[in-house]
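Below are the structure tokens for one structure; questions will follow.
Rule-based calculations on the coordinates, nothing more; no lab input. If you're wondering where the values come from, they're calculated on a predicted model, not measured in any experiment. Positions of Cβ are backbone-derived with ideal geometry, glycine not excepted, and every protein chain shown enters the neighbour counts.
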Amino acid sequence: MSRRAMERPRRITDSFPRRRRRGPGRPPGRLKDRKNKDKDKDKAQLKVRDCPRAASQPPPDPALMEMLRRFDLSWEYGPCSGITRLQRWERAQELGLSPPGPIRDALLEHGDNPDVTYSLWHEYEL
């Protein structure tokens, strides 16, 4: 047998340099104090994008929201992340997928309400 046949098979980790840890436990570094931990929580909460809502807007009709939720969950009209519901409806129409007309009517009627305008996954971008 050749020497190569006896060697162990190559692994993906073989292409990365090995690093040795210094001493027992964690490698040296800066430890976070409790004050920084609270700041990190605040930063994490700020990363979530909130949709502005006018104070005078009443919550949308639950039947309307259910209809829009079903539209969001229908993958036959393509992905819905990173775009508004109206953009998704228009894209589906251009592709000849025949999206439901009442969805477009509701989106145009309630265009100023972010609960109606944005899909369930509008914060995720492709």
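What's the local net charge at ASP14, with K and R +1, D and E -1, over the other residues with C-beta under 13 Å away?
Value of the local net charge: +3.
Could you give each residue of segment 69-81 its phi-based ³J(HN,Hα) in whole Hz, using Karplus coefficients 6.51, -1.76, 1.60 with θ = phi - 60°, and x for Gly or Pro?
5, 5, 5, 4, 7, 7, 6, 5, 9, x, x, 10, 7
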